[in-house]
């Protein structure tokens, strides 16, 4: 968005009428909207997946049945009558989880240890992936090439290069892709986008948000199941073909993988997406960042309070700021050692949006209070809910429209996440060119993007 200059009011114009004209001009600039109703891949070759009609049942296969995967399975099962869905298959490398998922489904689904065999099952229409992060991109791409629609838990991928591979696969296969950031189906963020696109707060200036926790025993130090043994898991397959620092069989790594860089970006991969996806969606015009800087710290050493676990690779507290081509900046922080967060706020030149609960309040900036009225939007529905987000995915599979957390939003958020990790680990500010996908530092020197094997550990 370009800045709107405020001229002197003259003649029959009132300051209020000028504000209306300025708002209209601002809205006209924001022509690219997430809330379009595109059809995927209009110029692409037909996909191999079946065409699903409005009344057809969607059969879902699940890959990764840990805590989040089982939560999704239970939610899909609970809402199956409303969404006209069925559970057709479950896949996990650990037999205990496979059998638990099969029993929970209650529909006698097929069970698999290899997701590649599962996506060969012809009656599977859609795949829900809730695996460790470094498997997200590979599973999503393979599933879409097999004709399946995909819901992948956040983050989109472990690294940015493979995120672009997912982006390319969505466009090539025309499959409906949703990233599992359920805040994107919360009405308040869509209300913000509506107000911003209408020019209600003028050009965007600064947004903020946070996701904070305080776990004295170390975040993600989940209980290790004593039934988990080396002979019950295909350890090399869990590590996959990409991991370079290949740990020996480790229950700690299996259950607490979010602490370790080979599998995850820590706070940036787990908690940041909960804020970044909605805050970027709320602009009404998601952009790639042009500059990202992040600072992470690990000084509390909470892992020492959980005997027997190694110290984490990833930070316990991290603050990120991103700049976008429009001039908008976004500041987000996250912590596992303090739970007091920042309010969600989006500031514009003419007004500010205060966002919380199921409410959005528009407060005019002081220079514009005589010409703009405050606005209040309480009781916005639906609120953030996994079932609502899943239902949005199923609805878009039937309509072939873009879901609330589609690939266009997900790739832009992943760029912020990945550039943030690179900035923190190298101690630099990352500049990004979306056309060339090149990353440079402040001096213009090219920087190698993070990927498997680029930095230790990885």
Report task. Determine whether residue 168 is farther than 30 Å from residue 373 by Cα, modelled with pLDDT of 95 or more and within 17 Å of the chain's Cα centre (by Cα). Result -> no
Report summary line: residue 266 vs (1) in contact (Cβ under 8 Å) with a residue 40 or more places away in the chain; (2) in contact with a strand residue (DSSP E or B) (Cβ under 8 Å, 6 or more places away or on another chain); (3) over 28 Å from residue 66 (Cβ atoms): all pass except (3)
**Report entry** Members of the range 271-301 found to be surrounded by fewer than 21 Cβ atoms within 10 Å (Cβ to Cβ) and part of a helix (DSSP H, G or I), listed by number
**Finding:** 274
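I'm trying to understand the selection: among the residues of the range 251-263, which are within 18 Å of residue 452 (Cα to Cα) and either free of Cβ contacts under 8 Å to residues at least 24 places away in the same chain or assigned to a loop (DSSP other than H, G, I, E, B) (or both)?
First pass over the range 251-263, keeping only residues within 18 Å of residue 452 (Cα to Cα): 253, 257-263.
Listed by number, the residues that qualify are 253, 260, 261, 262, 263.
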Report task. Can you give me the number of residues within the range 100-132 that are over 24 Å from the mean Cα position of the chain (by Cα), in a loop (DSSP other than H, G, I, E, B) and on the phi < 0 side of the Ramachandran plot? Result -> 9
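Could you grab me the full set of residues in the range 315-335 that are surrounded by 22 or more Cβ atoms within 10 Å (Cβ to Cβ) and either under 19 Å from the mean Cα position of the chain (by Cα) or without any contact (Cβ under 8 Å) to a residue 24 or more places away in the chain (or both)?
Within the range 315-335, the first condition is being surrounded by 22 or more Cβ atoms within 10 Å (Cβ to Cβ), and the residues that meet it are 315-316, 318, 320, 322, 324, 328, 330, 332-335.
Across the range 315-335, the qualifying residues are 318, 320, 322, 324, 330, 332, 333, 334, 335.
Please work out if residue 202 is outside the structural domain of residue 423 (by TED's automatic domain parsing), assigned to a loop (DSSP other than H, G, I, E, B) and over 19 Å from the mean Cα position of the chain (by Cα).
Numbers: outside the structural domain of residue 423 (by TED's automatic domain parsing): no; assigned to a loop (DSSP other than H, G, I, E, B): yes; over 19 Å from the mean Cα position of the chain (by Cα): yes.
The answer is no for residue 202.
Yes/no per residue for (1) in the same structural domain as residue 210 (by TED's automatic domain parsing); (2) in contact with a strand residue (DSSP E or B) (Cβ under 9 Å, 6 or more places away or on another chain); (3) under 30 Å from residue 78 (Cα atoms):
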| position | (1), (2), (3) |
| --- | --- |
| 339 | yes, yes, no |
| 346 | yes, yes, no |
| 356 | yes, yes, yes |
| 380 | yes, yes, yes |
| 397 | yes, yes, yes |
| 414 | yes, yes, no |
| 434 | yes, no, no |
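For the condition more than 17 Å from residue 239 (Cβ to Cβ), buried (at least 18 other Cβ atoms within 10 Å of the Cβ), over 23 Å from the mean Cα position of the chain (by Cα) and touching a residue at least 40 places away in the same chain (Cβ under 8 Å), what is the one hit in 163, 146? Break it down stepwise before answering.
Numbers: 163 fails: over 23 Å from the mean Cα position of the chain (by Cα).
Going through 163, 146 in turn, just one is more than 17 Å from residue 239 (Cβ to Cβ), buried (at least 18 other Cβ atoms within 10 Å of the Cβ), over 23 Å from the mean Cα position of the chain (by Cα) and touching a residue at least 40 places away in the same chain (Cβ under 8 Å): 146.
The values are calculated or read from the model by the stated rules, or taken from the named source; none is laboratory data. On a predicted model such as this, the values are computed, not experimentally measured, just so you know. Backbone-built Cβ (ideal geometry, glycine too); neighbour counts: all protein chains shown.
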